[in-house]
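A.B. asks: Please read through the structure below; I'll follow up with questions.
What follows draws every value from the coordinates through simple rules; no lab data is involved. This is a predicted model, so every value here is computed, not measured. Positions of Cβ are backbone-derived with ideal geometry, glycine not excepted, and every protein chain shown enters the neighbour counts.
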């Protein structure tokens, strides 16, 4: 009888210990599993970060090989093939119908006649400082002399347009054939530098008074988009920087142009005043909340 309490106490103690272990084990298991899950989750996150390679946004749109579908709206548009190469491969030369882009306040800064070794690099510096893109309509003969500047324009995400080979009216505007021939000559020069060619072009001096129906028909057949302007900076004259700024501001009083203001400027030789005026022009548009865009297939007609 004296042994019963002893064994009873032992049994009770052992039972209490087992009960305590049973109560603690699930918590320990959960904690352990939580540690595993946390570690595994961390490893999976690291692995995912290592495996997933986010697409780097291309600074331009490239027309497809078999079709003329634009890949990235809002970007400069280029073609990996020249007109002649498309014809040889039986690829379409005409362009697709694209919905014009109209926003409440949109401005396109465009520069003609470059690239120039003095003005163009400074303009590119200014654009980079302000974080905006512009469009450069280049002359083939200038590209031949300064290919490195064209390459910089391209690599910094600006749009490039075709502005003829030599800008000599008497040779350029003899016929639609001579005009297109200069465009295609410049296409070849540009493509040799950056590997692609533009689909936008601007006639030196503008199309008014120089183009006939035959010009427009040939441009359409070969897939060129003729780009005009509706805001002239007046920098083709001997205007000083402040006059250039005032010219732009005065014409911007026409609010019907706010949703597609295409500003004509020049970066060729002798346009140092344009360089001086540019920061003030940019500030004018920025302070009024304008969106800066490059010219592409979405750009509306100037008029």
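A.B. asks: Suppose each label sits 7 Å from its Cα in the direction of the beta carbon; what would the residue 156-residue 72 distance come out to in nanometres?
C.D. replies: For residue 156 paired with residue 72, the spin-label model returns 1.8 nm.
A.B. asks: Can you tell me the relative contact order of segment 240-303? Whole percent, Cα pairs under 8 Å, sequence separation 6 or more.
C.D. replies: That works out to 46 percent.
A.B. asks: Only bridges whose two residues both fall in segment 61-292 count here: according to DSSP, what percent of them are antiparallel, nearest 5?
C.D. replies: Roughly 10 percent of the DSSP beta bridges within segment 61-292 come out antiparallel.
A.B. asks: For residue 178 and residue 84 in the same chain, what is the full-extension length gain: residue separation times 0.36 nm, less their Cα-Cα distance, in nm?
C.D. replies: Stretched fully, the residue 178-residue 84 segment lengthens by 32.3 nm.
A.B. asks: So how do 169-178, 141-150 stack up, highest first, on mean other-Cβ count within 10 Å?
C.D. replies: In decreasing order of mean packing, 169-178, 141-150 become 141-150, 169-178.
A.B. asks: Per 0.36 nm of contour for each residue apart, how much would the distance between residue 144 and residue 126 grow if the chain were fully extended, relative to their Cα-Cα spacing?
C.D. replies: 4.1 nm
A.B. asks: Using a 10 Å cut-off on Cβ atoms, rank the peptides 281-287, 75-81 from the highest mean neighbour count down.
C.D. replies: 75-81, 281-287
A.B. asks: Fewest Cβ neighbours within 10 Å first, please rank 252, 265 accordingly.
C.D. replies: So the ranking, lowest neighbour count to highest, is 252, 265.
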